[in-house]
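Chemist: Pasting a structure below so you can have a look.
The values are calculated or read from the model by the stated rules, or taken from the named source; none is laboratory data. This one's a predicted model, so the numbers in the text were calculated from it and none came from an experiment. Heads up, the Cβs are rebuilt from the backbone with ideal geometry, glycines too, and the neighbour counts pull from every protein chain shown. The accessibility values were calculated without ligands, DNA or RNA, using every heavy atom of the protein model including side chains. Shrake-Rupley method; radii C 1.70, N 1.55, O 1.52, S 1.80 Å.
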Amino acid sequence: MVGQGKARKAAGMILKMVQEGRIAGRAILFAGPPSTGKTAIAMGMSQALGTDVPFTSIAASEVFSLSMSKTEALTQAFRRSIGVRIKEETEIIEGEVVEIQIDRSLTGATKTGKLTIKTTDMETIYDLGTKMIDALSKEKVLAGDVVLIDKASGRITKLGRSFARSRDYDAMGADTKFVQCPEGELQKRREVVHTVTLHEIDVINSRTQGFLALFAGDTGEIKPELRNQINAKVGEWREEGKAEIIPGVLFIDEVHMLDIECFSFLNRALENELSPLVVMASNRGMSRIRGTKIKSPHGLPVDLLDRVLIVSTKPYTEEDIEQIIQIRCQEEDVTLSPDALDVLTSMGKQTTLRYALNLISCAQVIATKRKAEQVSVDDLRRAYTYFMDEKRSVQWMEEQQGSLVFEEMDKPQLGVGANGTSHMEED
Ligand SMILES: Nc1ncnc2c1ncn2[C@@H]1O[C@H](COP(=O)(O)OP(=O)(O)OP(=O)(O)O)[C@@H](O)[C@H]1O
Ligand SMILES: [Mg+2]
């Protein structure tokens, strides 16, 4: 990422607090003109968080779906952003296979067998049932392999071949990994940790088809009683030291599209004990709160604004725009001639960054058509005349008074956006 120093510093600080688990239940608002990198910064945050901390990203309009109520959609988004790290102790057998002996019955229907397995300190023989024999042959376990067997589930994992067998050339492929023969006891207790979200726990417990609903995405509404039960259970685990709550991040883009009922829900939900960090983004200045006639900064009610830390993003400087364009060209494998870069930079300054970035690939298509390797100023100019940016489109619309259909037959309602450009105000 380029430029936007203050907002990025703020995002970095927030991330640090999230990682230390100190910021749950708070809210941040990125406010600034369109295409100043609000969404981009939030996506950067999610990348930086890693896989263990849940990050959910929704657009505010997704909340208005037909299959569930607004508050249910928001609740699910909230619970998707809270992780539960569950610790489990399992018993495992880890050692080097000395011998596998399988006896088939005359009909071949049942199999019995013996597995001899050792560590550097001991050697034991285990009886094998049909299930274990199948698992061993599926994993293609041979004498000399170092394996890990989960006693509860019977799952077998091949860790590699023992160094002692490194001279059996015929028994290995090019990708054979050699490991030491394990030391100590054959049977060990091991702690395994998995992280799931509260929403996943909800879904698994709410449906007869259980976790399959997670893949189908067909979760429907979840009963509040069930959620209360799960909260209580998780609380219990937490007290027993079996589980740990990891508050993650919920990102709500275009947050001004939420209506007053959602905002009041947010107010309450932020005060809940199990609440993630809520990051919001809005490009509105003074605008109407959806569902009311009240005008308010960023389209958010003042009582919610009072609870959030506001980070503003500013329009990019010319140097930043140039650098961002260069990065984008590299990504898209496009070469711009030096003067084309200058022209595109000043276009980006006069219109928006997003428009300039969109022109890159359009101009590239035009350049390929005339079999040129570089995009020239002419290509850009052609693309510029083919595709209008927002300002020119508004201007053109005003010139077309009378021939376009407007809802009211007078001037189109234009609100003034935060950076002075015009925006159609939703009604
Ligand atoms: N600092 C940056 N470095 C690199 N690329 C950037 C940066 N800021 C924005 N961009 C790029 O500019 C484009 C617009 O940015 P983004 O979508 O984040 O704007 P936004 O602030 O969310 O706008 P809107 O309010 O319209 O949603 C994106 O393609 C993004 O990749
Ligand atoms: Mg955005």
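Chemist: Please list, by residue number, every one of the trypsin sites (Lys or Arg not before Pro) in the range 287-338 that is coil in DSSP and has at most 13 other beta-carbon atoms within 10 Å.
Modeler: Here the trypsin sites (Lys or Arg not before Pro) that fit, given the DSSP loop and packing criteria, are LYS293.
Chemist: At 1.4 Å probe size, with the rest of the protein present, what percent of the exposed accessible area of the range 318-389 is carbon and sulfur atoms?
Modeler: Ligands and nucleic acids excluded, carbon and sulfur reach 48 percent.
Chemist: A further question follows. Can you count the Lys pairs in the range 88-192 with C-alpha separation below 14 Å, eight or more apart or on different chains?
Modeler: The number of close lysine pairs in the range 88-192 is 8.
Chemist: Among THR313, TYR384, HIS256, which residue has its Cα furthest toward the positive end of the charge dipole of the chain, with +1 on Lys/Arg Cβ and -1 on Asp/Glu Cβ?
Modeler: The listed residue farthest towards the positive side: THR313.
Chemist: If you don't mind, there's one more thing I want to ask. In 10 Å bins starting at zero, report the fraction of Cα pairs in the range 2-154 per bin as a rounded %.
Modeler: Answer for the range 2-154: a P(r) of 8, 24, 17, 11, 16, 17, 6, 1 percent.
Chemist: Find me the longest stretch of the chain that has none of the exposed chymotrypsin sites (Phe, Trp or Tyr not before Pro), where exposed means in a DSSP loop (not H, G, I, E or B) with at most 16 other Cβ atoms within 10 Å.
Modeler: Counting at most 16 other Cβ atoms within 10 Å as exposed, the longest clean stretch of the chain is 212-386.
Chemist: State the percentage of accessible surface on the range 88-192 attributable to carbon and sulfur atoms; use a 1.4 Å probe and exclude ligands, DNA and RNA.
Modeler: 50
Chemist: Among THR351, CYS362, LEU336, whose Cα projects farthest towards the positive end of the dipole of the range 318-389, with charges put on the beta-carbon of Lys, Arg (+1) and Asp, Glu (-1)?
Modeler: CYS362
Chemist: Could I ask something else about it? Under the rule of -39500 (n - 2.57) per DSSP H run of 4 or more residues, summed and divided by the residues of the chain, what mean residue ellipticity at 222 nm is obtained, to the nearest 500 deg cm²/dmol?
Modeler: Helix contribution divided over all residues of the chain: -11500 deg cm²/dmol.
Chemist: Would you work out the charge dipole size for the chain about its Cα centre, treating the Cβ of every Lys and Arg as +1 and the Cβ of every Asp and Glu as -1, and quote it to the nearest 20 debye?
Modeler: 220
Chemist: Modelling each spin label as a point 7 Å along the Cα-to-Cβ direction, I'd like the PHE163/ASP259 distance in nm, to one decimal.
Modeler: The two pseudo-label positions are separated by 6.9 nm.
Chemist: Positive end of the dipole of the range 88-192, charges at C-beta (+1 Lys, Arg; -1 Asp, Glu), about the Cα centre: which of LEU159, ALA109, THR90 has its Cα farthest in that direction?
Modeler: ALA109
Chemist: DSSP loop (so not H, G, I, E, B), at most 15 other Cβ within 10 Å: list which trypsin sites (Lys or Arg not before Pro) in the range 1-91 pass both filters.
Modeler: Qualifying residues, ordered by number: ARG22.
Chemist: Moving to a separate point now. Please list the equivalent ellipsoid semi-axes of the range 242-392, computed as the square roots of five times the alpha-carbon gyration tensor eigenvalues, in descending order and whole angstrom.
Modeler: They are 42, 20, 13 Å, listed from largest to smallest.
Chemist: If I take R0 = 56 Å and measure r between the Cβ atoms of THR130 and GLU62 in this structure, what FRET efficiency does the formula 1/(1 + (r/R0)^6) give, to the nearest 0.05?
Modeler: After rounding, the FRET efficiency stands at 0.70.
Chemist: So, one more: Given R₀ = 30 Å, what would the calculated FRET efficiency be for GLN229 paired with ARG155, taking r from the Cβ atoms and rounding to 0.05?
Modeler: Efficiency, from the Cβ-Cβ distance: 0.50.
Chemist: Check each of the GluC sites (Glu not before Pro) in the range 85-172 and keep only those in coil by DSSP with at most 14 other C-beta atoms within 10 angstrom; list them in order.
Modeler: Passing both the DSSP loop test and the Cβ count: GLU139.
Chemist: Extending each Cα 7 Å along its Cβ direction at GLU319 and MET388, get the distance between those two points in nm, one decimal.
Modeler: 3.6
Chemist: A further question follows. What does DSSP give for the chain in terms of the percent of beta bridges that are antiparallel, rounded to the nearest 5?
Modeler: Bridges in the chain are about 65 percent antiparallel.
Chemist: Note down the Stokes-Einstein diffusion coefficient of the range 60-113 in µm²/s, whole number, using a Kirkwood radius over alpha carbon pairs, 20 °C, and 1.002 mPa s.
Modeler: 124
Chemist: Using R₀ = 35 Å, calculate the FRET efficiency as 1/(1 + (r/R₀)^6) where r is the Cβ-Cβ separation of ASP333 and LYS6; round to 0.05.
Modeler: The calculated FRET efficiency here is 0.60.
Chemist: Taking the Kirkwood radius as the inverse of the mean 1/r across Cα pairs, report the Rg/Rh of the range 318-389.
Modeler: With Rh from the inverse mean 1/r over Cα pairs, Rg/Rh is 0.92.
Chemist: Suppose all protein chains stay in the model; what accessible area per residue would a 1.4 Å probe give for the chain, in Å²?
Modeler: 57
Chemist: How big, on average over all directions, is the shadow cast by the Cα convex hull of the chain, in nm²?
Modeler: The Cα convex hull of the chain, projected and averaged over all directions, gives 31.9 nm².
Chemist: Sort largest first and round to whole Å: the equivalent ellipsoid semi-axes of the range 88-192, each the square root of five times a Cα gyration tensor eigenvalue.
Modeler: Values for the range 88-192, descending: 21, 19, 13 Å.
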